[in-house]
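As structure tokens, the structure follows; a few thoughts come after it.
The values are calculated or read from the model by the stated rules, or taken from the named source; none is laboratory data. Remember, predicted model here, so these are calculated numbers, not experimental data. For neighbour counting, all protein chains shown are included, and Cβ atoms are generated from backbone atoms with ideal geometry for every residue, glycine included. Quick note on the areas: whole protein, heavy atoms, side chains included, nothing else; ligands and nucleic acids left out. Shrake-Rupley method; radii C 1.70, N 1.55, O 1.52, S 1.80 Å.
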Amino acid sequence: MKAGKLWRRIVLAVMALYVLVPLVGVAEFALRMRRGVYSFDAFVEVFGDDRFQETFLYSCGMALVTVVIGVVLIVPAAYAVRLHAPRLRSFVEFVTLLPLVVPAIVIVFGYLRLYGSDSFLPLTDTDTGADALLAFGYVTLSLPYIYRSVDAGLTSMDVRTLTEAAESLGARPLTVMLRVVLPNIRTSVLSGAFLTAAIVLGEFTFASLLDRPAFGPYMQLLGANRAYEPAALSLVAFALTWGLMALIGAFGGRRPGS
Amino acid sequence: MSFLTLQGLRKSFGASVAVQDFSLEAERGEFISLLGPSGCGKTTVLRMIAGFEAPSAGRVVIDGEDVTHLPSRARRIGMVFQSYALFPNLTVEGNIAFGLKVAGMAKDAIAERVKEMLALIGLPQLAGRFPSELSGGQQQRVALARAVAIRPRILLLDEPLSALDAKIRVSLREDLRAIQRELGITAIFVTHDQEEALALSHRVVVMSEGWVEQVGTPAEVYRTPRTPFVATFVGTANVLPCRIVDAVSGRVALGSVEIDAAHALPERKVGDTVVLALRPEAISILPFDGATNSIAAVVRDVTFLGPVARLRLVIDGDVAVTVDLHGEAARALPDAGARVVLWFRPESLQFLDRREHNLEAG
Ligand SMILES: Nc1ncnc2c1ncn2[C@@H]1O[C@H](COP(=O)(O)OP(=O)(O)O)[C@@H](O)[C@H]1O
Ligand SMILES: [Mg+2]
């Protein structure tokens, strides 16, 4: 019993060191921009940079659009598979996992060929077109996360019986979706949404190759050209991700109705 | 014209047939049970009435309206599930109000109806609770209130009591019956529990392997079972294969013993095999031989069950017979190995059909 407790502490301590040492190092470095004293100069630089604000807002907008499209597409699909084609579930799950297997670079080159200047649908020629393409790409990337969390949410409720109960009470399919299914998988949808937002905020490959003014390429650009600012920026990005994860935890911990 | 007509319902899933040929006519306000072992097709019949399964053949007619091809939401039925199926995100009040809101009822009318329903199920103090904060029995009451709140034409219940423990099961069963009577609603109740079916129903439909075995009042189904399946599934019965000795007077041979069955059997010939059912409680044990239908038997074992003692015996020709003794008769029980004489009234014998399907339910 005692030995077990000691071991647990040692393992925890090692893990904490593994995670914290680089963070502390980065933080310490970020604070050293002014010679001789610690200061927040690097952070001031970062937050004061117009491009930081522009790219960050752009990526936030992208994250929102991605989440909305993703949820609107995936929730009904996952629900329909469960209700009408349960045998297809493992196949659908496999398909949704493909974006994790196919590298983003392959997907984006596919897009450039399909939707490039000399294709039948030259989306990349206009900003709106390229934005749309990026959003669709992000929806693809978010598939595994949203689908998995939605499917887990659906597993935790008796989808078929609740649907039938609602139908027997006169509800149409849309009513069933909005009043019965969604409220009961709200926490799962939110956690998938926050995960997606965290990924979209830092995504580089798609944004860079489609030449979009997103936060990922900006971070890369800054990292290649400056010393202290990238350290500050990575702390900011880390805090953001951490904040989103905390939100997942907060929503995940709340029981429906309570 | 009956209120609910099911006509030749059949349902196959791929190559397997869950319901073979189901016909039933129910009167308004009637309480009908579908009784049978697990997998015999009860739920499938109920789901065809509810509109959750499309019949492979046959029709569902409610109050003169053919609803066979209507979606569930347009059928105006109330459904109660074994698993309660309350909406976890809604309170008791919200659950009961669900169907009323969907129907676009006015707010104060909804509040009124919800209050009325809560009083009906005797849980007015729980309006604000969530389903996860209720016991199983309470959840099922709320589910019942939710189903009847929309004033459905028919109430469908799929083993609503099976998930509850024994005490609650009996008390909720009685409340269910009282509520059904009070509302005068036509109810179809699915169960595999014969006691439930007998206690609740005006009529019982006994099913086996997708077929209707018999339709009748609880007393009819119990006293005059028509098939070996019904005789043994509803209560306990000795199913005795006999040979006809005299078709006119109704004498048959059970092994080497001749007995009087008190039924004329005009359509049978001497030597035909017939199957008779005899309830264990219809048999007495006599100290002496001689009366009509008295058969020598050897006691194999005796089980004391409180109000009843159950004896297993063997008569000539290795035919096993079960006998239940109550009251006075159970005071002095024979020992295993004892030689005794069995006696029963000829009227207690019930002739069984070979399995006879396509029964027309009246
Ligand atoms: N959706 C389905 N797909 C395939 N077979 C089914 C389906 N539903 C029921 N069955 C089969 O039909 C038969 C009757 O089932 P059911 O009506 O649920 O029986 P019960 O309610 O009497 O236990 C069973 O053999 C069952 O396996
Ligand atoms: Mg069933």
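Observations
- With the helix formula -39500 (n - 2.57) applied to DSSP H stretches of n ≥ 4, the protein assembly as shown reaches a computed 222 nm mean residue ellipticity of -14500 deg cm²/dmol.
- The mean number of Cβ atoms from other chains found within 10 Å of a Cβ in peptide A:176-183 is 2, as a whole number.
- In chain B, the longest principal axis of the Cα atoms and the axis of helix B:92-102 are about 70 degrees apart.
- Two-site FRET efficiency, residue A:220 against residue A:186, from Cβ-Cβ distance with R₀ of 41 Å, rounded to 0.05: 0.70
- Radius 13 Å from Cβ of residue B:255, net charge of other residues (Lys, Arg +1; Asp, Glu -1): -2
- Between helix B:136-149 and chain B: long-axis angle, C-alpha atoms, 0 to 90°, nearest 10: 70 degrees
- Close amide H pairs (under 5 Å, H built 1.01 Å from N) link residue B:21 with B:212, residues at least 5 positions away or on another chain.
- Whole-Å distance, taken between Cα centres, linking the stretch A:192-208 and the stretch B:93-139: 44 Å
- When Rg and the Kirkwood radius Rh are both evaluated on Cα atoms of the stretch A:49-252, their ratio Rg/Rh stands at 1.03.
- Taking amide H as placed 1.01 Å from N in the peptide plane, the amide H of residue B:79 sits under 5 Å from that of B:156, each at least 5 places away or on another chain.
- For the peptides A:180-186, B:62-68, A:156-162, the ranking by packing is A:180-186, A:156-162, B:62-68, with the highest mean count of neighbouring Cβ atoms within 10 Å listed first.
- Each peptide in A:49-61, B:70-82, A:100-112 gets a packing score, the mean of other Cβ atoms within 10 Å over its residues, and the list from highest to lowest is B:70-82, A:49-61, A:100-112.
- The distance separating the Cα centre of the stretch A:75-154 from that of the stretch B:298-326 comes to 71 Å.
- A Cα-only calculation for the stretch B:17-97 places Rg and Dmax at 14.5, 41 Å.
- Gyration tensor (alpha-carbon) shape descriptor, chain B, a/c threshold 1.5: prolate
- Judged by the ratio a/c of the largest to the smallest principal axis of the C-alpha gyration tensor, the stretch B:154-238 counts as prolate, that ratio being 1.5 or greater while a/b is larger than b/c.
- Inter-chain Cβ neighbour average for residues B:141-148, partner chain, 10 Å: 1
- Of A:189, A:21, A:44, the one that fluctuates the most in a GNM where chain A has Cα springs shorter than 10 Å: A:21
- For the stretch A:1-61, the alpha carbon convex hull comes to 120 Å³ per residue, rounded to a whole number.
- Annotation: per residue accessible area for chain B equals 44 Å², rounded to a whole number [probe 1.4 Å, protein chains only].
- Nearest-0.05 FRET efficiency for residue B:135 and residue B:115, computed from C-beta distance (R0 22 Å): 0.50
- Projected area averaged over orientations for the protein assembly as shown, convex hull of C-alpha atoms, nm²: 44.9 nm²
- Contact order relative to length of chain B, as percent, for alpha carbon pairs under 8 angstrom and 6 or more apart: 16 percent
- For the protein assembly as shown, with +1 on Lys and Arg beta carbons and -1 on Asp and Glu, the positive-most of A:138, B:349, B:111 along the dipole: A:138
- Förster radius 45 Å - calculated FRET efficiency between residue A:102 and residue B:66 (Cβ-Cβ, nearest 0.05): 0.30
- For the peptide B:69-79, the mean number of other protein chain Cβ atoms found within 10 angstrom of a residue's Cβ is 4.
- Size of electric dipole in the stretch A:49-252: Cβ of Lys, Arg +1 and of Asp, Glu -1, about Cα centre, debye, nearest 20: 720 debye
- The stretch A:176-240: C-alpha gyration tensor shape, a/c 1.5 cut-off, then a/b vs b/c: oblate
- Per-residue Karplus couplings for the stretch A:115-132, computed as 6.51 cos²θ - 1.76 cosθ + 1.60 with θ equal to phi - 60°, are listed in order as 10, x, 3, 9, 9, 6, 9, x, 5, 6, 6, 10, 5, 4, x, 5, 4, 4 Hz, Gly and Pro entered as x.
- Carbon plus sulfur fraction of accessible area for chain B, probe 1.4 Å, in percent: 51 percent
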